[in-house]
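Reviewing the structure listed below.
The values are calculated or read from the model by the stated rules, or taken from the named source; none is laboratory data. What you see is a predicted model; the values in this text were computed from it and never measured. Ligands, DNA and RNA are excluded from the accessible area calculation, which covers all protein heavy atoms including side chains. Shrake-Rupley method; radii C 1.70, N 1.55, O 1.52, S 1.80 Å.
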Amino acid sequence: MSKQILVFFVTLFLGYGAVSAEEVQKSELQQRAEAVDVKQNIASARSLYIHAFNDYANKGQIQQAAECGAKATALYYKENFWKEAFDLLRRVDQAIDADSKSTTPVKAAAHYLTSRERMQMYMKLRKSTNAMDFLKVMENQANLSGDEKLKNDLLYNKAVYFYTFGQNAEGNAVFKEMADKLTKQKEYDKVDEVYQTLIANGRRSNSASLVAQSYKGYMAWKDSTNALKYADEIAGLKKQISDNEQSIAEKDSSLTARMAFIVGLGILAAVLAAALVIGAIVMLRYILLTRKQQKNIQMLTDSNALKAKFISNIAGQLQPTFEKLDSSVPEVKALLDFSEHIQTLSLIENSTDEAVELEETQIPQFCEGLMDQIRNKVKKDVALNVNAPKMSAPINKEYVSHLLLHLLNNAAEYTPAEGTIWLEFKKRSAHTLQFLVANTGSNIPEEKREDVFKPFLEIRDLTKGDGLGLPICKQMALKMDGDLEIDPEFTKGVRFVLELHV
């Protein structure tokens, strides 16, 4: 094989996975050595590489030391200083063995560099037996290192050895191994270039046998590679089809679920406004409009904002019709309250990210005022207790008043005669406040405690309440950067805890 194709192997195959030292900053000495023009001053470059080797060895960086030592060795035998080259390699090996911190794989990788230089020197001296001995040593060291880059470098040096000593069959076998390896890595273009270069080299050297053998191997590889390429393309197309089918199925399932949710809301609105023809027409228009928009999947999302806006729009369009009815009728009054609650809940959900205004408030007077509003609603001999320290705190009076008054009204309704209702305030930390509303009586079952804060869980008789009071309170608490929960440790009845962060 000619010099050109060997160079081609170096740039193509080893360029794919070149052997290098550990990824560290090069020393100043090494950078200076690499900057020297070897053709102009080989002695200076060699001296700098030797100094860099000594510096790296003293620092325990044996991989870099071995690399610089190997480069200095190559510059020795380039001028036929064989004794000096072998002596330097012995020094490099001694430095590697003397290092106690490096692991066996690291030392093997460093020794590989010195063994490779010995093998190349014996090849230049035309001592094939000695070169083969070190080629075997290199193979053992590459395996010990576990470095795939060294194994690629070993494969290249085997090919160089066989072609150098006229063992073309062995060289061709290694060449095929190299091509097969690149093929497995799907580097088809690189393998194609290897074969094309080998064929061109045979033509330039007028070697008909090399051209014929190379062309035969090339065509066999081309046929097998085309089959692999087609298989890869078919597999890729199948995967793409599968992914598309899965995506379509997911979008179709999502669309069906969203449509079911919207239709469910339509049915709820129709039940609430069964006697209102105008309301039914508006609802049907919404359903028909939604059906026309099925193709635009992006307009149908799972977001709570879209759900809240949709419900608010229904309630808002029904509100003018409701207001024309006699509000003294319990059913109409229930519809009006329900519509108002839906709009309130939607408004809060849609403005969750907006900050609420805080007002410095005297807590004792504030709590007493709320408790006074339920005194005439409680049953006989129910005790009303307020426990609030004399202090002020920044709160949103509108939301906190609505929330606490709702809890107190519920307490007034469910607290039996001779029971007790408490309203307490506690400052847990510099920025954490708590209002607690508790009453004696029956407790809320544990399995239902989270459900009381969720709207629309069941169809209810609106004249007996729409079940939106506590969900609205929960949303108000969240909007104030707080939370509303039922205290699981309170066993005398029910205690709600409103926690605010200010």
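Observations
- Cα gyration tensor category, rounded, prolate or oblate, for segment 409-461 with a/c compared to 1.5: oblate
- Convex hull of segment 35-188 built on C-alpha atoms - directionally averaged projected area, nm²: 10.3 nm²
- D by Stokes-Einstein for segment 387-431, Kirkwood Rh over Cα pairs, 4 °C, 1.567 mPa s: 103 µm²/s.
- Of Lys59/Lys151; Lys333/Lys427; Lys78/Lys186; Lys83/Lys158; Lys380/Lys479, pairs whose Cα-Cα distance is over 32 Å: Lys333/Lys427; Lys78/Lys186; Lys380/Lys479
- Per residue, segment 34-107 exposes 52 Å² of accessible surface when a 1.4 Å probe is rolled over the protein heavy atoms with every protein chain present.
- All C-alpha pair distances within segment 85-168, sorted into 5 Å bins from zero, spread as 3, 16, 25, 23, 19, 10, 4, 1, 0 percent across the bins.
- Amide H within-cut-off set for Thr440, under 5 Å, with H built and near neighbours excluded: Thr420
- Cα-based Rg of segment 381-502 normalised by 2.2 N^0.38 Å, two decimals: 1.07
- Heavy-atom accessible surface of segment 387-502: percent carbon and sulfur, 1.4 Å: 47 percent
- Accessible surface calculations at 1.4 Å, restricted to protein heavy atoms, place segment 354-475 at 57 Å² per residue.
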